[in-house]
Each structure stands twice: as structure tokens, then as C-alpha cells.
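Pasting a structure here, questions to come.
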Amino acid sequence: MKRLKIIYGIFVMLLLCVSCQAQNKETENVIIPGIEWKDASKNRINAHGGGVLYENGIYYWYGEHKIPGRSEDDKAGGGVHCYSSADLYNWKDEGVILSVDYDNPDSEIAFGCILERPKVVYNEITSKYMMYFKLYPKGKGYKYGYLGVATADSPSGPFTYSHKFLAADSEEGSGDFTLFKDTDGSVYHFTVRKPDKAFVVGKFNREYTYPDGAYRVMEEIPPHTEAPAIFVQDGRYFILGSGSTGWKPNTARAFTATSLLGPYKELGNPTKGVNPHNGMNEEKTFGGQSSYIIKVEGKENAFIAMFDLWKPEHPFDGLFVWLPIEVEGDTFNIEWRDKWDLSVFEK
Ligand code: DGJ
């Protein structure tokens, strides 16, 4: 009996030890690209094609909310999901802060519309958080690419849908885009014009509600450059983008300029390495497509490239690849890492 008790005691201790290690592993502050990511409540993170806004010590990650169990062809878009974090490792679920409208089929964001790549900027003049997203009205496929606008009083919403417009001076609008807020508060809209896929840039008005003036074609950036993301380091601007192959991965591309509006110089493919989870290398951007570049606050020369690994059959299962950007002079590299943390920026 005594021996049995001792064996039981050892068994319980071993169990505790194993669960303690698992716990430590789960709460370790690391970024592991290309595997399923959980939020602080242990639920799968659902924020695809995202963007990040930093406000008062908190990062807000906005992304496409994909409805589980549906495919992209079967209306997986549920709106915009937001997560918040003080450290870029641990993410609190702020919920679906802009939902598609399930009740009113005439709504401009009625369930069945395509709502992609949300990005948020703050407008100091109106004190509003302004959200933009690619918006394709329900039942029309990808023909007319509107820019949808929603507003909120707080970065975690809720956001209220405001309006939509066709940007890029085109009757068919535009597609993938990124926004850049300059130091004077001006916001620039870099996007792919439809239907010719020219890469263009325009400026928003003071309220950030509509474009202010004409868009300009950026001749030096090849047409069909999708998924643009932009960052600035020491007065040098860098654009990361992809080719145009639907949901399938292709080779990343990069550009640099000493002025925001160019002219930009081509840098080629900045990515390097292999994603061991799917075997895809830099030719296919690790199986991903860029969505945004996060500036890590409080650190010098610290930027994170965000990529999506799309899963159009099960978009909810799409994965995230976040990797540090290394700027070297007038170029930059993004190397695959199995696991990393923000200490990579301390040199
Ligand atoms: C590529 C874009 O980057 C995505 O946002 C999405 O629109 C897909 N194309 C659709 O095929």
C-alpha cells in the first residue's frame, strides 16, 4: 500500500511538471510563423489581410473575420475582427468590430459582399478612427472594387459603416492597397487601379473621407503589384508587394525611394529561406502574401512584415507569417525564422 502511494505521488509530480512546462511554452513570448496562432483566450486568431495601428501603448490588429466552415466561394467574409496587445505576442480578442449586415440584403455591407484588407488611421481633425477596406458589392464578384469607409471613436470600435467610393479615378475602382500617414497628417492611398492594374497613388482629403485630387500612375512600380505595404526608415521609403495570382502565392517584390511619392527603384525579392511547415521558399514568399508592415515602437530600425497564408477552401484556417525586416542601407531583407522575438532588433 505504502509503495503504491509513493508511485502515485511520483506520478502526480511528473504530471504537474509536464503541465507546468506546457504552460511555460504557451506563455513564452515568441513569434512562431506559419502555425496556428491563439489569442489570450486560447481561440484561433481570425484577422486575415490585416493591418496594425499603434495607439497609447497598444497595438490594434485589424483583419478579415472569416466565417468558419465556409470557403471563399461560399461567402466566408464576416467583417473586421480586432485584437489588441501591448507586446505584439499576447493578443486580446476585441471582437468583430465591424460586422457585415446579416439582416438587410440592401445594405452596402450586406452578408455576401467581399470585404478585404482592412486598415485603420486616426484623424486628428475629426478625432475619428477611420477604417478602409476593399469592398465588392454582394453578387458582383471582383469587378467593381470600392474602398469602403467605417468610423469609430475608439480604436477598438465599434466601427460604423459610413460610405464607399471608387478610387483611382477609375469607373471600376481599385484593388489591394496600403495607406501611409505622413508627418503633416496627410494620408496617401497606394493602390492597384482596375481594370489595368496600374500601381497608383492618391491623397485623401483632410477628413480622410474621399480622395483629394487626381491619382498618379507610379510608372516605376510594375502593374499587377498587389498586397502593398510601406515603411520609412531614416527618410528612406520602402514598399513591399506581391504579384497577382489570386489566392495562390507568388514571388514578393520590393522598391525604395528617398521621397514618399518616388521615383522608386526596384529591389527585387527581399525574402529568403524556407517555411518548413509547407516546404515553400522565397520563390513563393513562404506560401504567403504581404499585408502590412508594423513599426515596433520604442526600438530603432525595427519593423515586422506581416504575411497571410491564404486557405481559400477554408479561409478561417489561414495562417500568419510575421518576420523581422532587416534594413541594410538602401535595401532590406526578410529571412525565414522558425521562432523569434523582439530581441532580434537589439544589435
Ligand atoms: C489577392 C488579394 O491580395 C487578396 O486580397 C484577394 O483579393 C485575392 N487576390 C482574391 O483572389
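Out of 311, 339, 347, which single residue is basic (Lys, Arg), modelled with pLDDT of 95 or more and more than 14 Å from residue 33 (Cα to Cα)? Spell out the reasoning first.
Numbers: 339 fails: more than 14 Å from residue 33 (Cα to Cα); 347 fails: modelled with pLDDT of 95 or more.
Exactly one of 311, 339, 347 is basic (Lys, Arg), modelled with pLDDT of 95 or more and more than 14 Å from residue 33 (Cα to Cα), namely 311.
Further question on the same structure: Name the single residue that is nearest to residue 53 (Cα to Cα) among those in segment 99-117 being outside any loop (DSSP other than H, G, I, E, B) and more than 16 Å from the ligand (Cβ to nearest atom). Give the steps one after another, and end with the answer.
Initially, segment 99-117 is screened for residues outside any loop (DSSP other than H, G, I, E, B), giving 99, 101, 110-111, 113-117.
Add one more test, that the residue is more than 16 Å from the ligand (Cβ to nearest atom), and what stays is 99, 101, 110-111.
On the way: 99: 19, 101: 25, 110: 26, 111: 26 Å.
Ranking the candidates gives 99 first.
Okay, next question. Mind telling me which of the residues 96, 187, 149, 120 ends up being surrounded by 23 or more Cβ atoms within 10 Å (Cβ to Cβ), closer than 30 Å to residue 245 by Cβ, in contact with a strand residue (DSSP E or B) (Cβ under 9 Å, 6 or more places away or on another chain) and modelled with pLDDT of 95 or more? Can you show your working first?
Details: 96 fails: surrounded by 23 or more Cβ atoms within 10 Å (Cβ to Cβ); 187 fails: surrounded by 23 or more Cβ atoms within 10 Å (Cβ to Cβ); 149 fails: surrounded by 23 or more Cβ atoms within 10 Å (Cβ to Cβ).
None of the other options fit; the residue is 120.
Another question about this same structure. Would you confirm whether any residue within segment 123-138 is closer than 25 Å to residue 240 by Cα, without any contact (Cβ under 8 Å) to a residue 24 or more places away in the chain, touching a Phe, Trp or Tyr at 6+ places or on another chain (Cβ under 9 Å) and crowded, with 18+ Cβ neighbours inside 10 Å?
The answer is yes, given that some residue of segment 123-138 is closer than 25 Å to residue 240 by Cα, without any contact (Cβ under 8 Å) to a residue 24 or more places away in the chain, touching a Phe, Trp or Tyr at 6+ places or on another chain (Cβ under 9 Å) and crowded, with 18+ Cβ neighbours inside 10 Å.
When the residues of segment 245-269 are filtered to those that are closer than 18 Å to residue 305 by Cα and within 16 Å of the ligand (Cβ to nearest atom), which remaining residue is least open to solvent (accessible area, probe 1.4 Å)?
So, considering only residues that are closer than 18 Å to residue 305 by Cα and within 16 Å of the ligand (Cβ to nearest atom), the one least open to solvent (accessible area, probe 1.4 Å) is 252.
Now for a separate question. Tally the residues that are open to solvent by 10 Å² or more (accessible area, probe 1.4 Å) and either over 30 Å from residue 151 (Cβ atoms) or touching a helix residue (DSSP H, G or I) at 6+ places or on another chain (Cβ under 9 Å) (or both), restricting the search to segment 220-244.
Matching residues across segment 220-244 total 9.
I would also like to ask the following. Given the structure, is residue 164 of a type in the set (Lys, Arg), open to solvent by 10 Å² or more (accessible area, probe 1.4 Å) and assigned to a strand (DSSP E or B)? Spell out the reasoning first.
Details: of a type in the set (Lys, Arg): yes; open to solvent by 10 Å² or more (accessible area, probe 1.4 Å): yes; assigned to a strand (DSSP E or B): yes.
For residue 164, the condition - of a type in the set (Lys, Arg), open to solvent by 10 Å² or more (accessible area, probe 1.4 Å) and assigned to a strand (DSSP E or B) - is met.
Could you tell me whether segment 205-219 includes any residue that is without any contact (Cβ under 8 Å) to a residue 60 or more places away in the chain, within 15 Å of the ligand (Cβ to nearest atom), closer than 21 Å to residue 144 by Cα and β-branched (Val, Ile, Thr)? Working first, answer last.
Narrowing segment 205-219 to residues without any contact (Cβ under 8 Å) to a residue 60 or more places away in the chain: 205, 210-219.
After this cut, where a residue has to be within 15 Å of the ligand (Cβ to nearest atom) as well, the list is none.
Checked against the condition, which is being without any contact (Cβ under 8 Å) to a residue 60 or more places away in the chain, within 15 Å of the ligand (Cβ to nearest atom), closer than 21 Å to residue 144 by Cα and β-branched (Val, Ile, Thr), segment 205-219 yields no hits at all.
Scan segment 279-304 for residues that are away from the ligand (no atom under 16 Å from the Cβ), within 26 Å of residue 84 (Cβ to Cβ) and touching a residue at least 24 places away in the same chain (Cβ under 8 Å) and report the count. Outline the logic, then answer.
Looking only at segment 279-304, we keep the residues that are away from the ligand (no atom under 16 Å from the Cβ), and these are 279-283, 294-304.
Then drop every residue that is not within 26 Å of residue 84 (Cβ to Cβ), which leaves 294-304.
In the following step, the residues that additionally are touching a residue at least 24 places away in the same chain (Cβ under 8 Å) were identified as 294-297, 299-304.
Qualifying residue count, segment 279-304: 10.
Quick one: how many residues across segment 322-334 are among the acidic types (Asp, Glu) and within 13 Å of residue 303 (Cα to Cα)?
Quick first cut of segment 322-334, residues among the acidic types (Asp, Glu) only: 326, 328, 330.
Checking the rest, the ones that are also within 13 Å of residue 303 (Cα to Cα) come to 326, 328.
Residues in segment 322-334 being among the acidic types (Asp, Glu) and within 13 Å of residue 303 (Cα to Cα): 2 in total.
While we're here: Looking at (1) open to solvent by less than 40 Å² (accessible area, probe 1.4 Å); (2) within 19 Å of residue 91 (Cβ to Cβ); (3) not β-branched (Val, Ile, Thr), which is the only condition residue 295 fails?
Tallying (1) open to solvent by less than 40 Å² (accessible area, probe 1.4 Å); (2) within 19 Å of residue 91 (Cβ to Cβ); (3) not β-branched (Val, Ile, Thr), residue 295 fails exactly one: (1).
On to the next question. Count, please, the residues in segment 272-286 that happen to be open to solvent by less than 50 Å² (accessible area, probe 1.4 Å) and assigned to a loop (DSSP other than H, G, I, E, B).
Selection size over segment 272-286: 1.
Identify, from the list 54, 89, the residue that is out of contact with any Gly (no Cβ under 6 Å at 6 or more places or on another chain), more than 30 Å from residue 195 (Cα to Cα) and either aliphatic (A, V, I, L, M) or assigned to a loop (DSSP other than H, G, I, E, B) (or both).
Numbers: 54 fails: either aliphatic (A, V, I, L, M) or assigned to a loop (DSSP other than H, G, I, E, B) (or both).
One residue alone meets the criteria, 89.
Of everything in segment 325-347, what is without any contact (Cβ under 8 Å) to a residue 12 or more places away in the chain and within 12 Å of residue 31 (Cβ to Cβ)? Give them in sequence order.
Scanning segment 325-347 gives a single hit, 343.
The values are calculated or read from the model by the stated rules, or taken from the named source; none is laboratory data. Everything quoted here is computed from the prediction, not taken from an experiment. Every residue, glycine as well, gets a Cβ built from its backbone with ideal geometry; the counts of neighbours run over all protein chains shown. For accessibility, only protein heavy atoms count, side chains too; no ligands or nucleic acids. Shrake-Rupley method; radii C 1.70, N 1.55, O 1.52, S 1.80 Å.
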